[in-house]
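Below: the structure, in structure tokens.
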Amino acid sequence: MYNESYFDAQQNYLKILEIAPNKDMRLFGTGLSYFFSSLNKNESLTYFEMVKSVSRTDTLTELDYYLGRGNQLTSNFEVAVQHYENIPKQSNQKTVF
């Protein structure tokens, strides 16, 4: 993904997920490859939700940011706000929203 080859990254992550489908960092990487691509951004939410279901709450503190941002981009504003509100709880910082 460093060269912004998000489609290639998606294909590689999907192959890896066939081997080990419930690994949180692999699911997160797949979600990011969709999130940063110009096509199928909303597909990232599928993978971010899967990460949330298989990982501990403190594993990926930025997950709620990406869930919030993804829902915001798809006009699911109430869900986005819920995820944004979880960010300060996890990071022990004051909210900036």
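Throughout, read-outs are computed from the coordinates displayed, never taken from laboratory work. All values derive from a computational prediction rather than experimental measurement. Backbone-built Cβ (ideal geometry, glycine too); neighbour counts: all protein chains shown.
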Give the aspartates and glutamates whose C-alpha is closer than 20 Å to that of Lys23, dropping any in the same chain fewer than 8 places away, or say none. Asp8, Glu43, Glu49, Asp58, Glu62, Asp64
For labels at Thr74 and Lys23 in the simple 7 Å Cα→Cβ model, what's the distance in nm? 2.5
